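Step one of this worksheet: look at the structure below.
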Amino acid sequence: MPSMPTAATLTLRPATAADAPLLAAMHAASWQATYRGLLPAAFLERDVDAERAAYWRARMEAPGEERRLVLIAERDAQPHGRTPVGFVCVERQPESPWGVLLDNLHALPAHQGIGVGKRLMEAAQSWARAQGEAQLYLYVLDGNTPAIAFYERQGWEFSGAEPDHMGGIDITALRYIYRLSAI
């Protein structure tokens, strides 16, 4: 039986506009695995791929890249090179009272539990700290209990709920905050 990869076999690299299709594919795959029962099946089966492709193409081509960090986690998959296994997107939100937005944190389902999410989150925290920020925030869908448990294990604290709209339905997004300590 092959051994599971570890966080030590992971590398992080900055994403570029050319990575938009890869980011979209990972994002859609993550939603399809994670949001079953939370978002409509028709959206996840038919629409999420095109919706995420348009989203990431626009996002990676948008101005303001100096306010944003997008990293792709790759695992050494010799002899085939590196395999993308997740990504993070964090963005400074100057008007936000909550700090820096950790907008996306996704580890592909086959690579969860090996430290991908934690490593990406640590990179986002380090970046925010280097920007002189004191706090990060994120939103997680109400009902996404595995993600909520992960964030809480990492020290994130619940700070409120807000209505949102995804996949053609109204949902509740839970806001979590993480206070950065000086290192």
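The values are calculated or read from the model by the stated rules, or taken from the named source; none is laboratory data. Predicted model, so just to flag it, every value in this text is computed and none were measured. Methodologically, a virtual Cβ is constructed for each residue, glycine included, from the backbone with ideal geometry; neighbour enumeration extends over all protein chains shown.
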Discussion item. I'd like to check something: does the stretch 157-168 contain any residue that is in contact with a strand residue (DSSP E or B) (Cβ under 7 Å, 6 or more places away or on another chain), of a type in the set (Phe, Trp, Tyr) and within 16 Å of residue 104 (Cβ to Cβ)?
Written reply: no
Discussion item. It is to be established whether one or more residues within the stretch 104-112 are closer than 15 Å to residue 11 by Cβ and under 11 Å from the mean Cα position of the chain (by Cα).
Written reply: yes
Discussion item. Exactly one condition in (1) surrounded by 18 or more Cβ atoms within 10 Å (Cβ to Cβ); (2) outside any strand (DSSP E or B); (3) under 15 Å from the mean Cα position of the chain (by Cα) is false for residue 118; which is it?
Written reply: (1)
Worksheet item: Picking from 101, 120, 108, 71, which residue would you name as being of a type outside the set (D, E, K, R) and closer than 18 Å to residue 35 by Cβ?
Response: 108
Worksheet item: List the pairs whose first member sits in the stretch 124-141 and is farther than 12 Å from residue 69 by Cβ and free of Cβ contacts under 8 Å to residues at least 40 places away in the same chain, whose second member is of a type in the set (Gly, Ala, Ser) and buried (at least 16 other Cβ atoms within 10 Å of the Cβ), and whose Cβ atoms are under 6 Å apart, counting only residues at least 6 apart or on separate chains?
Response: 139/173; 140/147
Item to complete: Just give me the residues in the stretch 160-171 being within 21 Å of residue 99 (Cβ to Cβ) and either surrounded by 12 or more Cβ atoms within 10 Å (Cβ to Cβ) or touching a Gly at 6+ places or on another chain (Cβ under 9 Å) (or both), in sequence order.
Response: 160, 161, 164
Discussion item. All but one of (1) under 25 Å from residue 149 (Cα atoms); (2) at pLDDT below 95 hold for residue 87; state the number of the condition that does not hold.
Written reply: (2)
Worksheet item: Just checking, which of 15, 62 is in contact with a helix residue (DSSP H, G or I) (Cβ under 8 Å, 6 or more places away or on another chain) and either under 25 Å from residue 130 (Cβ atoms) or surrounded by 14 or more Cβ atoms within 10 Å (Cβ to Cβ) (or both)?
Response: 15
Worksheet item: Applying the selection to the stretch 121-142, what residues are more than 14 Å from the chain's Cα centre (by Cα) and either part of a helix (DSSP H, G or I) or closer than 19 Å to residue 28 by Cβ (or both)?
Response: 126, 127, 128, 129, 130
Discussion item. Filter the stretch 172-182 down to the residues that are more than 26 Å from residue 44 (Cβ to Cβ) and surrounded by 14 or more Cβ atoms within 10 Å (Cβ to Cβ) and list them by number.
Written reply: 177, 178, 180
